Amino acid sequence: MSKFVSEREMQYQRECMQRVAAQNNGRTAFVDTYGCQQNEADSERMRGMLVEMGYILTDSSDADVVIINTCAVRENAENRVFGVIGHLVHTKRKNPSQIIILAGCMGGEASVRERIKRSYRHVDAVLDTTSFWRLPEVILGILEGDKTVAEINTVDGVVTPDNRIAEGMPVQRVVPHKAWISVMYGCNNFCTYCIVPYLRGRERSRRSEDIVREIREVVEDGCKDITLLGQNVNSYGKDSDDETDFAGLLEMAAHVDGEFLIRFMTSHPKDTTIRLLDTMAAYPRIARHLHLPVQSGSDRILKLMNRRYTAENYLELIRYARKVMPDIVLTSDIIVGFPGETEEDFRQTLDLVAEVEYDSLFTFIYSKREGTPAAKMEDPASPEEKSERFNRLIELQNTISMKKHSEYIGKTVTTLIDGEGKRGQYNLTARTNGGRLVHLKGDKSLIGKYMPVRITEATTWSLVGELALNDQK
Ligand code: 5AD
Ligand code: SF4
């Protein structure tokens, strides 16, 4: 079977969009997004399809179509989503023709589908991340009276990932100067704590020419900040006949004409190569930011997690990255309280964090996901112990973030003015090349422009600055 959804199938979706549009007179739609950038990217595509179907986008759960695009990585996020869906009973009572769709990673979980069918009967359809390109067909089906929960892509309640790539969906970007572009979908790594490979299917890479064409299009549309996305971007191309690997793809992207920066996430340390770091260093167009999730500083835990690198392998990469890009911004993900993590294992994580000195960290307390290998492992540490470790890690990182941010004070950096801010007198936000958040004052007309900003203050989470129009960049 081809890796791509056929043109005929996509044409059918376009016909469905036209048929919905023909009977639509000003109905509204809301896509509520949880989780990672991959979901943001998928939501932009769902919004694109909704607009083609004649819907007016809103951010109210009273809309005629409400799509909840969900994350399944941690259990408490799932519980929140069930709360949100439960609440929609009231909006549907007010507007019985309201269409409610659960999409995203949770849509791929058999247990979630069962629970929705059993207890959340006001939900009209459940889609997963591999099948949401069929949204037009699903909406048309519901409008035409097929009121069953649409079980796309399931056999006996178990998801059979579509494992294909749907090219050519329309896109509606939230912010015109920023674009998320997926380069690949799925994950083959099966880290033992992670549910993603079970929900997003096997790795499949888009064609490099399709990606580069999309980059050109968004740059022509005025986009200034492009993030290439994938669960593990360093595996890009391994499933293709095409010779292009991720470093090669970045190089192609860096040669597109225009004023923009390219970022990417997420990289897996086991697949991060010297060639990738050299490519980043060679092109100013590639942002000086590397998000390299380490998860733990203990080799014993890394092994149990099936991460396939050691703390020392990881540190070697970091040292090389800093050697070729001294100004690189480094961020990471860390899980505290993986089953069997001892105080000694945790200390090794603290040591690694102290040695790397990340600019910022995403920290998570381990969440047990049924169906993953880690869910069967002995987990003797108490929740109190875990949260105590978690707090110690945050405390350490806060000190480091504050120190790193303070180093910016007095410097003038080029930033992309990003949007309106809400921090006291500072009405704008901006991002540095490395992705650090800056609060500043200025005219709204600057949004979407690159501007020099002199940094005047630092906090743990962000920087404060002022426009430095007379300074050198
Ligand atoms: N529990 C806690 N954190 C998790 N992550 C993935 N699965 C789990 C889990 N079961 C974290 C990892 C990953 C990030 C996106 O989410 O750190 O890098
Ligand atoms: Fe999950 Fe590991 Fe794949 Fe990341 S690389 S999505 S943590 S299995």
Under the helix-only model (-39500 (n - 2.57) for each DSSP H run of 4 or more, divided by the residues of the chain), the mean residue ellipticity at 222 nm, to 500 deg cm²/dmol, is -11000 deg cm²/dmol
For the chain, the accessible surface attributable to carbon and sulfur atoms (probe 1.4 angstrom, ligands and nucleic acids excluded) amounts in percent to 50 percent
For region 12-100, dividing by residue count, accessible area per residue (probe 1.4 Å) in Å² works out to 43 Å²
Expressed in nanometres to one decimal, the distance between label points 7 Å along Cα→Cβ at ARG8 and ARG202 is 2.4 nm
Sorted list, accessible surface of protein heavy atoms, 1.4 Å probe, largest first, for LYS404, LYS117, LYS3 is LYS117, LYS3, LYS404
Using alpha carbon centers only, region 239-257 is separated from region 51-69 by a whole-angstrom value of 36 Å
The alpha-carbon center of region 441-465 and that of region 269-294 are separated, in whole Å, by 26 Å
From highest to lowest solvent-accessible area (probe 1.4 Å; ligands, DNA and RNA excluded), TYR198, TYR408, TYR309 read TYR198, TYR408, TYR309
Restricting to Cα pairs under 8 Å and 6 or more apart, the percent relative contact order of the chain works out to 10 percent
The extension gain from GLN37 to LEU396, computed as 0.36 nm times the residue separation minus the Cα-Cα distance, is 126.6 nm
Computed on Cα atoms only, the convex hull of region 399-473 has an orientation-averaged projected area in nm² of 4.5 nm²
Taking the chain and a Cβ-Cβ threshold of 4.7 Å, the cysteines left without a partner are CYS16, CYS36, CYS71, CYS105, CYS187, CYS223
Among LYS411/LYS444; LYS368/LYS403; LYS3/LYS368; LYS3/LYS303; LYS94/LYS117; LYS386/LYS411, the pairs whose Cα-Cα distance exceeds 28 Å are LYS368/LYS403; LYS3/LYS368; LYS3/LYS303; LYS386/LYS411
Computed over region 412-467, protein heavy atoms only, probe 1.4 angstrom, the accessible area per residue in square angstrom equals 44 Å²
With the 1.4 Å probe rolled over protein heavy atoms, region 292-403 has an accessible area per residue in Å² of 46 Å²
Contour minus Cα-Cα span, LYS449 to ARG275, at 0.36 nm per residue, comes to 59.5 nm
Projected convex hull area of region 7-159, Cα atoms, direction-averaged, in nm², equals 8.5 nm²
Using eta = 1.306 mPa s and T = 10 °C, Stokes-Einstein with Kirkwood Rh from Cα pairs puts D for the chain, in µm² s⁻¹, at 67 µm²/s
On the formula 1/(1 + (r/R0)^6), with r taken between the Cβ atoms of ASN95 and GLU144 and R0 of 22 Å, the FRET efficiency rounded to 0.05 is 0.75
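The values are calculated or read from the model by the stated rules, or taken from the named source; none is laboratory data. Source: prediction; values computed, not measured. We place every Cβ from the backbone using ideal geometry, glycine too, and count neighbours over all the protein chains shown. In case anyone asks, the SASA skips ligands and DNA or RNA and just uses the protein heavy atoms, side chains included. Shrake-Rupley method; radii C 1.70, N 1.55, O 1.52, S 1.80 Å.
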